[in-house]
Amino acid sequence: MRVKPVDITVIAEKSILEGKLKMPGNVIILGSFTGSINSSVLEIFKDGKACGSIEAENITIAGYFEGELACSALLTIAKTGTVRGRVAYGTLSAELGGQLGAAVFQLESTDTKLIPFQRKGVHSDK
């Protein structure tokens, strides 16, 4: 039987990366990232830091994140994790000590596809 490999992208511990990542598999952040990420699974490790926008099905944050985060399934904030900004999630799990300082929105269903946040100036009520 053949096992399908999973694409894994790792931002190494001493790396500082800026830009836009669109990955079909997993993204692991051990260093620092600024920009936007779209992936299936995202993990920010204890000393990892990300700023910008993230869209993923499952997200675990044990480090620091600031910006807009859309998680269609399970968002986990570890006891060493900090989240600031705006968060949309399907299911939320936060360990004792994890920090969530954000505007928080629960998606109506875990089957809901990722939703981008409305950008300022894009929508007009006229």
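The values are calculated or read from the model by the stated rules, or taken from the named source; none is laboratory data. Small disclaimer: the values here were computed from a predicted structure and weren't measured. Cβ: placed from backbone, ideal geometry, glycine included. Neighbour counts: every protein chain shown.
Among the residues here, MET1 qualifies as at pLDDT below 95 and either within 10 Å of the chain's Cα centre (by Cα) or loosely packed, with under 14 Cβ neighbours inside 10 Å (or both). None of GLY101, GLY90, GLY52, GLY97 is assigned to a loop (DSSP other than H, G, I, E, B) and not aliphatic (A, V, I, L, M) except GLY97. Annotation note: Cβ proximity below 9 Å between a residue of region 50-78 that is within 21 Å of ILE16 (Cβ to Cβ) and touching a residue at least 40 places away in the same chain (Cβ under 8 Å) and a residue that is assigned to a strand (DSSP E or B) and of a type in the set (D, E, K, R) (sequence gap 6+ or interchain) occurs for SER53/GLU68; GLU68/GLU55; GLU68/ARG86. Scanning region 55-70 for residues that are of a type in the set (A, V, I, L, M) and in a strand (DSSP E or B) gives ALA56, ILE59, ILE61, LEU69, ALA70.
Taking region 74-88 as the range and being under 11 Å from the mean Cα position of the chain (by Cα) and crowded, with 18+ Cβ neighbours inside 10 Å as the test, the residues that pass are LEU75, THR76, ILE77, VAL83, VAL87, ALA88.
Considering every residue within region 71-83, establish whether at least one is part of a strand (DSSP E or B), among the charged types (D, E, K, R) and modelled with pLDDT of 95 or more. No, there is no match, as no residue in region 71-83 is part of a strand (DSSP E or B), among the charged types (D, E, K, R) and modelled with pLDDT of 95 or more.
Taken over region 4-46, the criterion of being surrounded by 15 or more Cβ atoms within 10 Å (Cβ to Cβ) and outside any strand (DSSP E or B) is satisfied by MET23, LEU30, GLY31, PHE45. Looking across region 12-37 at every residue that is in contact (Cβ under 8 Å) with a residue 24 or more places away in the chain and under 14 Å from the mean Cα position of the chain (by Cα), the one that is nearest to GLY81 (Cα to Cα) is identified as ILE29.
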